[in-house]
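The values are calculated or read from the model by the stated rules, or taken from the named source; none is laboratory data. Predicted model only: the values in this text are computed from it and were never measured. Every residue, glycine as well, gets a Cβ built from its backbone with ideal geometry; the counts of neighbours run over all protein chains shown. When the accessible area is computed, the model is the full protein with side chains, heavy atoms only, and any ligands, DNA or RNA have been set aside. Shrake-Rupley method; radii C 1.70, N 1.55, O 1.52, S 1.80 Å.
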Amino acid sequence: MATAERWLLPDGIEEILPPRAARLEQLRRDLLDLYRNWGYEQVFPPLVEYLESLLTGAGNDLALQTFKLTDQLTGRLMGIRADMTPQVARIDAHTLKREGVTRLCYAGHILHAKPEILTASRCLIQIGAEIYGHGAVASDIEVIRLMLETLTASGCDSIHLDLGHVALYRTLAGAAGLSEAQEWQLFEIYQRKAVPELEQFLAAQVRDAGLRAMLRELVSLAGDRSVIGKARQKLGAAPKAVQQALTDLEQIADQLSLSHPGVNLYFDLGELRGYHYHTGPVFSAYVPGMGQAIANGGRYDHIGEVFGRARPATGFSTDLAEL
């Protein structure tokens with residue numbers, strides 16, 4: 001390597017220099033203080049773990065983002081964490097083993113094998129908070145409020161919050177009797193909003209005309225709060241779990257309108273981000289000037305089951321450097 005190239009960093013890896021480093025460290029301290037004041041305890045998950053522990057229950061997307069390496073002591077495969085949320089779920093389920101509600105927060109580096117978008121960093125400083133042991137919508141409301149407080153404390157203005165609920169799709173796909181492969185194929189169609197392809201798939205794979213109609217409607221149910229009313233009409237014949245999901249979204253909207261009236265709410269009932277492990281409400285925050293969500297979160301009940309103890313769970317995370 002030529003002398004002039006020895007100081008080059010890999011693509012997507014950057015240094016943080018003064019004075020930005022000082023601002024970032026102060027923000028980290030301020031946010032962790034905020035979380036502590038809300039009753040969240042800080043944990044420090046390890047940077048690397050054995051691959052089977054790191055990726056258990058996390059889905060294929062995370063596996064593709066994880067750098068793998070061989071442990072020289074044991075010969076076993078290890079991974080550098082690409083998301084701290086599954087690690088914190090393991091800590092709650094297997095290490096702490098507490099009864100009742102546990103609130104945990106964290107901040108640390110994560111590494112992605114490839115950037116989310118071409119210009120994004122691959123080395124992020126993830127900060128977030130999780131609630132374990134409480135399955136009611138009140139927990140989802142709490143973590144969304146804390147996420148919004150995080151953005152406000154970071155100086156974000158004109159916040160737009162996208163809300164969805166994975167149980168809508170899960171319930172309808174289950175009622176249609178789709179196989180795991182068919183359910184995944186339909187999920188990918190929803191992700192692309194490919195309406196003609198959706199029509200072909202439903203005609204070929206879903207016999208029940210009512211379920212075909214509801215699955216067809218789901219992809220177009222997006223907009224302001226009036227979407228929930230439309231969904232109650234269009235999905236009126238759906239199983240009870242669908243009606244409960246719509247009620248959850250109404251409660252979230254009601255509470256956020258009271259606590260954060262300046263936040264713009266948008267509902268996308270066909271939103272399936274994080275579908276591989278999310279089970280309930282999902283949410284993403286956007287701010288002007290950024291094409292990607294600046295913070296994400298959602299409910300992911302049962303992920304702790306793979307670590308020996310199923311626990312209701314919900315939380316959010318963001319990249320401190322982006323904030």
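Data for the structure
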read-out: C-alpha long axis of helix 195-205 to longest principal axis of the chain, angle in °; value: 60 degrees
read-out: Among Gly289, Gly229, Gly39: highest mean-square fluctuation, GNM of the chain, C-alpha pairs under 10 Å; value: Gly289
read-out: Per-pair calculated FRET efficiency, R0 = 41 Å: Lys68 and Ala204 via Cβ, rounded to 0.05; value: 0.60
read-out: Whole-percent pair-distance distribution, where bins are 5 Å wide, for the alpha carbons of segment 245-323; value: 3, 12, 19, 24, 20, 13, 6, 2, 0
read-out: Per residue value of the accessible surface for the chain (all protein chains in place, 1.4 Å probe), Å²; value: 48 Å²
read-out: Among Ala194, Ala173, Ala113, residue whose mean-square fluctuation peaks in a GNM of the chain (springs only between Cα atoms under 10 Å); value: Ala194
read-out: Residue-wise HN-Hα coupling along segment 177-182, computed from phi with Karplus coefficients 6.51, -1.76, 1.60 (Hz; x: Gly, Pro); value: x, 6, 6, 4, 5, 5
read-out: Over segment 183-288, relative contact order from alpha-carbon pairs under 8 Å, at least 6 apart, %; value: 30 percent
read-out: Cβ-placed point charges (K, R +1; D, E -1), dipole of the chain about Cα centre in debye, nearest 20; value: 380 debye
read-out: Top of Leu258, Leu186, Leu215 by mean-square fluctuation, Gaussian network on the chain, Cα under 10 Å; value: Leu258
read-out: Percentage, to the nearest whole number, of Cα pairs in segment 71-224 over 21 Å apart; value: 66 percent
read-out: Mean residue ellipticity (222 nm) of the chain, computed from DSSP H runs ≥ 4 via -39,500 (n - 2.57), nearest 500; value: -12000 deg cm²/dmol
read-out: GluC sites (Glu not before Pro) restricted to DSSP loop in segment 34-109 with at most 13 other C-beta within 10 Å; value: Glu99
read-out: Contact order normalised by residue count of segment 102-254, Cα under 8 Å, 6+ apart, percent; value: 20 percent
read-out: Top positive-direction residue, dipole computed over the chain with Cβ charges, set Val263, Val88, Pro115; value: Val88
read-out: From phi via Karplus (6.51, -1.76, 1.60), per-residue ³J(HN,Hα) for segment 212-229 in Hz, x at Gly/Pro; value: 4, 5, 5, 5, 5, 5, 4, 5, 9, 7, 8, x, 6, 5, 4, 4, 5, x
read-out: Three-way shape label, segment 66-116, alpha-carbon gyration tensor, a/c 1.5; value: oblate
read-out: Alpha-carbon gyration tensor eigenvalues x 5, square-rooted, for segment 106-145, Å; value: 29, 11, 9
read-out: Leading residue at positive end of dipole, the chain (Cβ point charges), from Ala175, Leu235, Ser154; value: Ala175
read-out: Rg ratio (alpha-carbon, reference 2.2 N^0.38 Å) - the chain; value: 1.04
read-out: All-pairs alpha carbon distance profile, segment 1-109, 10 Å steps from 0, percent; value: 12, 30, 33, 20, 4, 1
read-out: Vicinal HN-Hα couplings computed from phi for segment 309-323 (Karplus, 6.51 cos²θ - 1.76 cosθ + 1.60; Hz; Gly/Pro x); value: 7, 6, 9, x, 8, 8, x, 8, 8, 8, 9, 4, 5, 5, 4
read-out: With every protein chain in place, segment 151-235: carbon and sulfur % of accessible area (1.4 Å); value: 48 percent
read-out: Length-normalised contact order for the chain - Cα pairs under 8 Å, 6+ apart - percent; value: 23 percent
read-out: Protection-proxy order for peptides 259-267, 305-313, 293-301, each taking the mean of Cβ atoms within 10 Å per residue, highest first; value: 293-301, 305-313, 259-267
read-out: Amide N of segment 199-220 lying under 18 Å from the label point, which is placed 7 angstrom from the Cα of Glu180 along Cα→Cβ; value: none
read-out: Projected-area average for segment 164-323 over all orientations - Cα convex hull basis, square nanometres; value: 10.9 nm²
